[in-house]
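K.L.:
Attaching a single structure in structure tokens format; questions to follow.
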Amino acid sequence: MQRIRLNLNQLEETLLITLWAKALDSKLPVPMLGDTHSAEIADRIDYDFSTLKIKDSLTYETALRSRMLDDAVRSFTTAHPNAVVVDLGCGLDPRMIRCHPPAGIDWYDVDFPEVVALRPQFLPESTHLIGADITDPDWPADIPRDRPAIIIAEGLIPFLPSDSFQLLTRTLTTHFTTGEIALNGYTRFAAWAMKYHPTIKALGIKAATGFDDPRIPETWNTGLTLIDEDFLTRAPQIAAWPQPLRALTRAMSHSTTLSRQGARILRYHF
Ligand SMILES: C[S@@+](CC[C@H](N)C(=O)[O-])C[C@H]1O[C@@H](n2cnc3c(N)ncnc32)[C@H](O)[C@@H]1O
């Protein structure tokens, strides 16, 4: 098999972290996500994934948070079968295949132009592709405004400089009439600590800021209302995690402050 060499910058290369974590999960005896498409995509890329130094904990966490975000997409698209789904910073994630949305859904995958240009080679299924820097407020221009929208941002927020996530929420709530934003949130500490993460360090990425209180986005006057904050530490799937990760995660689950430092899924209505 001819493997494809990618020509991406460091920020774009972060897609390899999540892709590889999902690929590793799919090979576990009890996968959290079971995304064999990510494994097939990774097999076709000419890259030494071992240089990412992905720890088991990151594999489990990434797969579970992705599953929780997929669940958010499934429940929104079941309730709104004419919705648009927007996957921001989609990388090479085959989320639409995993979610298998109703036929009336229009799915938009958004990332830098160099990244979305790769998707047809690896993911021939048809989603609408938008190649843009999402800190540019004009990127949603081609997406219908008048349908309910669910916007997913997985693994994206820490790479957005300073207040650009706040500006992004304004762009979204100005463009779309109604909908939901679902993302994995990072506290200020978690965002700061990311720059010491071996994988992020290996890629030379400077992580941006996070927020602790999930209600902070409600104060930005962008029309967001918190729906819920779900901690991975309290997810039932933790029961299938190996020891000592399971015991450590269970111990963390008793404290909201500690749970917040781990992965959490935040959903906002607008
Ligand atoms: C860690 S990867 C996550 C990829 C995907 N969401 C997943 O879960 O597999 C972060 C992605 O965000 C994209 N990204 C970061 N900043 C962006 C920006 N300003 N505009 C568009 N895409 C961006 C990167 O190119 C990369 O594909």
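K.L.:
Can you name the residue in region 40-54 that is more than 15 Å from the ligand (Cβ to nearest atom) and free of Cβ contacts under 8 Å to residues at least 60 places away in the same chain and, of all such residues, is farthest from D230 (Cα to Cα)?
P.N.:
Out of the qualifying residues, it is D46.
K.L.:
Moving on. Just for region 10-39: of the residues that are hydroxyl-bearing (S, T, Y) and over 16 Å from the mean Cα position of the chain (by Cα), which one is farthest from the ligand (Cβ to nearest atom)?
P.N.:
Within region 10-39, the subset hydroxyl-bearing (S, T, Y) is 14, 18, 26, 36, 38.
With the extra rule that they be over 16 Å from the mean Cα position of the chain (by Cα), the set shrinks to 26, 36.
Working: S26: 13, T36: 15 Å.
Here the answer is T36.
K.L.:
Suppose we filter region 142-151 for residues that are touching a helix residue (DSSP H, G or I) at 6+ places or on another chain (Cβ under 8 Å) and surrounded by fewer than 17 Cβ atoms within 10 Å (Cβ to Cβ); how many remain?
P.N.:
Final tally of qualifying residues: 1.
K.L.:
Then there is this: Counting only residues that are outside any loop (DSSP other than H, G, I, E, B) and within 12 Å of the ligand (Cβ to nearest atom), which one in region 157-177 is surrounded by the most Cβ atoms within 10 Å (Cβ to Cβ)? I'd like the intermediate steps shown before the answer.
P.N.:
Step one: filter region 157-177 for residues outside any loop (DSSP other than H, G, I, E, B), giving 157-159, 164-175.
Narrowing the set further to residues that are within 12 Å of the ligand (Cβ to nearest atom) leaves 157-159, 164-165, 167-168, 171.
Values: I157: 23, P158: 23, F159: 20, S164: 18, F165: 25, L167: 17, L168: 22, T171: 18.
The selected residue is F165.
K.L.:
One residue is enough: does region 88-95 have a residue meeting the conditions of a type outside the set (A, V, I, L, M) and part of a helix (DSSP H, G or I)? Walk me through how you get there before you give the answer.
P.N.:
Of the residues in region 88-95, the ones of a type outside the set (A, V, I, L, M) are 89-91, 93-95.
Next, from what is left, pick out any that are part of a helix (DSSP H, G or I): 95.
Taking every residue of region 88-95 in turn, at least one turns out to be of a type outside the set (A, V, I, L, M) and part of a helix (DSSP H, G or I).
K.L.:
Restricting attention to region 120-137, report how many residues are crowded, with 16+ Cβ neighbours inside 10 Å and over 18 Å from Q2 (Cβ atoms).
P.N.:
Adding up the residues that qualify gives 5.
K.L.:
Then there's this: Could you tell me whether region 128-145 includes any residue that is among the acidic types (D, E), under 22 Å from S38 (Cα atoms) and either at pLDDT below 95 or within 12 Å of the ligand (Cβ to nearest atom) (or both)? Explain how you work it out, then say what you get.
P.N.:
Here is the first cut: in region 128-145, the ones among the acidic types (D, E) are 133, 136, 138, 142.
Then drop every residue that is not under 22 Å from S38 (Cα atoms), which leaves none.
Looking for residues that are among the acidic types (D, E), under 22 Å from S38 (Cα atoms) and either at pLDDT below 95 or within 12 Å of the ligand (Cβ to nearest atom) (or both), one finds none in region 128-145, hence no.
K.L.:
Under 7 Å between Cβ atoms, at least 6 apart or on separate chains: pull out the pairs that start in region 229-258 with a residue that is without any contact (Cβ under 8 Å) to a residue 60 or more places away in the chain and end on any residue that is part of a helix (DSSP H, G or I) and of a type in the set (G, A, S).
P.N.:
F231/S253; F231/S259; T233/S253; T233/S259; R234/S253; R234/S259; M252/S259; S253/S259
Let's see how each residue does on (1) modelled with pLDDT under 95; (2) farther than 22 Å from E12 by Cβ:
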site	(1), (2)
D35	no, no
A39	no, no
A42	no, no
D48	no, no
T51	yes, no
T62	no, no
L69	no, no
A79	no, yes
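K.L.:
Sticking with this structure for a sec: Could you please find all residues in region 60-87 being more than 13 Å from the ligand (Cβ to nearest atom), part of a helix (DSSP H, G or I) and surrounded by 21 or more Cβ atoms within 10 Å (Cβ to Cβ)?
P.N.:
Those that are more than 13 Å from the ligand (Cβ to nearest atom), part of a helix (DSSP H, G or I) and surrounded by 21 or more Cβ atoms within 10 Å (Cβ to Cβ): Y60, A72, F76, T77.
K.L.:
Can you tell me which residue among E154, E180 is more than 21 Å from Q10 (Cα to Cα), buried (at least 18 other Cβ atoms within 10 Å of the Cβ), modelled with pLDDT of 85 or more and acidic (D, E)? Working first, answer last.
P.N.:
Details: E154 fails: more than 21 Å from Q10 (Cα to Cα).
Residue meeting the stated conditions: E180.
K.L.:
Right, here's the next one. Please name all residue pairs, on different chains or six or more residues apart, with Cβ atoms under 8 Å, provided the first residue is in region 130-149 and is among the hydroxyl-bearing types (S, T, Y) and the second residue is more than 9 Å from the ligand (Cβ to nearest atom) and at pLDDT below 95.
P.N.:
From region 130-149, the pairs are T135/L167.
K.L.:
Across region 104-115, what is the number of residues that are touching a Leu at 6+ places or on another chain (Cβ under 7 Å) and near the ligand (Cβ under 9 Å from one of its atoms)? Full working, then the answer.
P.N.:
Filtering region 104-115 down to residues touching a Leu at 6+ places or on another chain (Cβ under 7 Å) leaves 109-110, 114-115.
Next, only the ones that are near the ligand (Cβ under 9 Å from one of its atoms) stay: 110, 114-115.
Going through region 104-115 one residue at a time, the tally reaches 3.
K.L.:
Here's another thing I want to ask about it. Please tell me if R119 is under 30 Å from W241 (Cα atoms) and either of a type in the set (S, T, N, Q) or within 16 Å of the ligand (Cβ to nearest atom) (or both). Let's see the steps before the verdict.
P.N.:
Numbers: under 30 Å from W241 (Cα atoms): no; either of a type in the set (S, T, N, Q) or within 16 Å of the ligand (Cβ to nearest atom) (or both): yes.
Against the criterion (under 30 Å from W241 (Cα atoms) and either of a type in the set (S, T, N, Q) or within 16 Å of the ligand (Cβ to nearest atom) (or both)), R119 does not qualify.
K.L.:
Can you go through N7, N82 and tell me which one is under 28 Å from F270 (Cβ atoms) and more than 17 Å from the chain's Cα centre (by Cα)? Outline the logic, then answer.
P.N.:
Details: N7 fails: under 28 Å from F270 (Cβ atoms).
Within the list N7, N82, the selection yields N82.
K.L.:
While we're looking at this one, here's another question. Is one or more of the residues making up region 204-227 within 16 Å of the ligand (Cβ to nearest atom), touching a strand residue (DSSP E or B) at 6+ places or on another chain (Cβ under 6 Å), part of a strand (DSSP E or B) and on the phi < 0 side of the Ramachandran plot? Step through it out loud before you land on a result.
P.N.:
Applying the first criterion (within 16 Å of the ligand (Cβ to nearest atom)) to region 204-227 yields 204-210.
Now narrow it down to the ones that are touching a strand residue (DSSP E or B) at 6+ places or on another chain (Cβ under 6 Å): none.
Among the residues of region 204-227, not one is within 16 Å of the ligand (Cβ to nearest atom), touching a strand residue (DSSP E or B) at 6+ places or on another chain (Cβ under 6 Å), part of a strand (DSSP E or B) and on the phi < 0 side of the Ramachandran plot, which makes the answer no.
The values are calculated or read from the model by the stated rules, or taken from the named source; none is laboratory data. Here the structure is a predicted model, which means the values were calculated and not measured. Counting neighbours? That spans all protein chains shown, and the Cβs are built from the backbone with ideal geometry, glycine included.
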